[in-house]
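Enquirer: Pasting a structure below so you can have a look.
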Amino acid sequence: MSADVVIIRVGGMGQAMADRQSAGRKVLLADLNEATLAFAADQLRGQGHDVVTQSADASSRSSVAALSHTAQDLGPVTQVAHIAVSRPCRHPRPPS
């Protein structure tokens, strides 16, 4: 068994990426939000994808290290996608 594709952050863009990149491959999905992670995994499994999930916080070295170990345990990784979504600041900075 190999983790051909690792997708970090599986909201809308991450789900679309996983759907496009994981046909015929095992995909490891990671997200800090457990509900989002479970929803994405269910959607992809429903489409016939082979999915493994892990909760992960991309801002935490130990969490990313654990994710890396999970991927290594699954086998060779050929693709990694970290889907970072930028949102406008809700509180603008005061003028300097």
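Enquirer: Exactly one condition in (1) closer than 14 Å to HIS69 by Cα; (2) of a type in the set (Gly, Ala, Ser); (3) in contact with an Asp or Glu (Cβ under 8 Å, 6 or more places away or on another chain) is not met by GLY11; state its number.
Expert: GLY11 satisfies all of (1) closer than 14 Å to HIS69 by Cα; (2) of a type in the set (Gly, Ala, Ser); (3) in contact with an Asp or Glu (Cβ under 8 Å, 6 or more places away or on another chain) except (1).
Enquirer: Give ASP4, ASP42, ASP31 a once-over and let me know the one that is of a type in the set (Asp, Glu) and under 12 Å from the mean Cα position of the chain (by Cα).
Expert: Testing whether each residue is of a type in the set (Asp, Glu) and under 12 Å from the mean Cα position of the chain (by Cα) leaves just ASP31.
Enquirer: Determine which member of the set ASP42, ASP31, ASP50 is touching a Lys or Arg at 6+ places or on another chain (Cβ under 8 Å), over 17 Å from LEU74 (Cα atoms) and at pLDDT 90 or above.
Expert: Residue meeting the stated conditions: ASP31.
Enquirer: Answer with yes or no whether ALA23 is surrounded by fewer than 23 Cβ atoms within 10 Å (Cβ to Cβ), at pLDDT 90 or above, out of contact with any Ser or Thr (no Cβ under 7 Å at 6 or more places or on another chain) and of a type in the set (A, V, I, L, M).
Expert: no
Enquirer: Do we have SER62 as without any contact (Cβ under 8 Å) to a residue 24 or more places away in the chain, small (Gly, Ala, Ser) and surrounded by 12 or more Cβ atoms within 10 Å (Cβ to Cβ) here?
Expert: No, not satisfied.
The values are calculated or read from the model by the stated rules, or taken from the named source; none is laboratory data. All figures in this text were calculated on a predicted structure; none of them were measured in a lab. Glycine gets a Cβ as well: all are built from the backbone with ideal geometry, and neighbour counts include every protein chain shown.
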